[in-house]
Amino acid sequence: MPITEVEKIWMDGELVPWHEAKVHVLSHALHYGSGVFEGIRAYETSRGPAVWHLDEHVKRLYRSAKLYHMEIPYSPEALVQATKDVIRANGLNACYIRPLVIRGYGEMGVNPLNAPVNVVIAVWPWGAYLGEDALERGVRIKISSWRRNGQNSLPSAAKATGQYINSVLAKVESLKAGYDEAIMLNEQGSITDGSGENVFVVRSGVLTTPPIQAGCLDGITRSTVMRIARDLGYEVGEENLVRTDLYNADEAFFTGTAAEITPIREVDDRVVGEGHRGPVTKELQGAFFAATKGETDRYQSWLTYVND
Ligand code: PPE
C-alpha cells in the first residue's frame, strides 16, 4: 500500500522532516532484522484524535525489546508523549502509528549488543488494510504452505521486525495465487494467525480464537474483541483450531490494528457460512467502531486523547 506522506517523524527525541528521517545502510537492523515495532491507530472523535489502546501497545513494545536485550532509551511515558506530539505536529485527526526500535549503525556482525538503539515514531493516514470494501464484503484467504515460526525459533510474544519475513513468504504466496491474505499453521498443524492479523471463528453463536501458545501474536485487537464479545453476551473460547474449523464456521473474521475487524468470506475456495459478512461479525464491528470514536462510556479508558 503506498504511504501517504506527512510533515514530520519523531526520531530519537526530535521531530524531523519526513524525508530527513534516515538511517545508514549499514544499520544492524537492516541486515539482521534486529528491530521491534508496534502498529497503533488513532481515531477521530468529537474531542479530537484519540489513540486506541496506547498504553497496551507501549507495554508490548517494551516486552518485545526486553526479549532481544534492547534497552529503549526513553521511558514509556516519554513515548506516550512523543506519540501525541507527532500526531499534533502533523495535524492528523486519524492515523496509523508506527513506533520502531532498531539496532542502528556502528557495529557489524550478528552480535547486536554494542550497536546503538534508535527509536522512531512515524504516523500517516491509513485506510482499510485489506482494501476499501473488505470491511463489508470480506476477504478470500488461503492456508499457507509456509508454517509460522515456532515459539523456540522466533517467539510470537515479541513483535520483532525480523519475524515478518515469515509473514512475507505467506502473504506473497497468497497474493500470487489470487487470494487476499494467508493464514499460517504451526508445525503441529494448528491455526496461528494471518500475515498481520489474528483470526476468530463463530459457530452456533460461540466465538473461538487460537491460544497465544499456538504461535499467534498476542494481539491487542484480539483481546479487545474478546472483551467486547463477552460484554455483548457471547461465549468466547481460546482453543486450537484446524483448517476445517475455518471451512465449517458460520462466520470467520480477522482482527488487527491495521485490519480492524475484517470478515473472511472464503477459505481455500470454500465459502464460509453465507459467503458474506455474518451478523455476529457485523455486531462486533459496530460495537468496536463506536468505541474507537469515543461513543461508548464503558470503553473510554481505551482512548488517549491527543489534545488533553
Ligand atoms: N498477528 C500478526 C502477525 C500481526 O502482525 C498483527 C498486527 C496481529 C496479529 C494483530 O495484532 P494487534 O494489532 O495487536 O491487534 N499487525 C500489524 C502490522 C501490519 C502491517 O502490515 O504492518 C498491525 O495490524 O498494525
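Any read-out appearing in this document is the output of simple, stated calculations on the displayed coordinates, not a laboratory observation. Not measured: the values here are computed from a predicted model. Backbone-built Cβ (ideal geometry, glycine too); neighbour counts: all protein chains shown.
Identify the GluC sites (Glu not before Pro) of the range 29-78 meeting these criteria: DSSP loop state and at most 16 other C-beta atoms within 10 Å of the C-beta. Answer in residue order: 71. Note on the range 8-124: with charges restricted to the Cβ of Lys and Arg (+1) and Asp and Glu (-1), its dipole about the Cα centre is near 240 debye. Here the contact order of the chain, divided by its residue count and restricted to Cα pairs under 8 Å and six or more residues apart, works out to 20 percent. Phi angles across the range 75-88 convert, under the Karplus curve 6.51 cos²θ - 1.76 cosθ + 1.60 with θ = phi - 60°, into 3J(HN,Hα) values of 7, x, 4, 5, 6, 5, 5, 4, 5, 4, 4, 6, 5, 5 Hz, Gly and Pro given as x. Here is the list for the range 1-102: trypsin sites (Lys or Arg not before Pro) lying in DSSP coil, each with at most 10 other C-beta atoms within 10 angstrom of its C-beta, are 22.
3J(HN,Hα) along the range 231-248: 5, 7, x, 7, 7, 10, x, 10, 8, 5, 10, 10, 4, 5, 5, 6, 4, 9 Hz, from the Karplus curve 6.51 cos²θ - 1.76 cosθ + 1.60 with θ = phi - 60°, whole Hz, x for Gly and Pro. Measuring how big the chain is from its alpha-carbon positions, Rg and Dmax come out at 19.2, 56 Å. For the range 134-292, relative contact order (Cα pairs under 8 Å, six or more residues apart, normalised by length) works out to 26 percent.
Taking the alpha-carbon centroid of each part, what is the distance from the range 229-258 to the range 118-162 in angstrom? Rounded to whole Å, the Cα centres lie 17 Å apart. I want to make sure I understand the PRE zone here: with the label point 7 angstrom from the Cα of residue 5 toward its beta carbon, which residues in the range 98-128 have backbone N atoms less than 17 Å away? Output list for this probe position: 122-126.
Where only DSSP H runs of four or more residues are counted, the chain gives -8000 deg cm²/dmol as its mean residue ellipticity at 222 nm, each run worth -39500 (n - 2.57). Taking 32 Å as the cut-off for C-alpha to C-alpha distance, list the pairs among 22/171; 59/176; 66/171; 8/282; 22/84; 22/66 that go past it. 59/176; 8/282, as the Cα separations exceed 32 Å there. The angle between the Cα long axis of helix 54-67 and the main principal axis of the chain comes to about 70°, on a 0 to 90 degree scale. Would you mind classifying the range 1-160 by shape? Square roots of the alpha carbon gyration tensor eigenvalues, ordered a ≥ b ≥ c; an a/c under 1.5 is rounded, otherwise it is prolate if a/b is larger than b/c and oblate if not. Oblate, since a/c reaches 1.5 and b/c is not below a/b.
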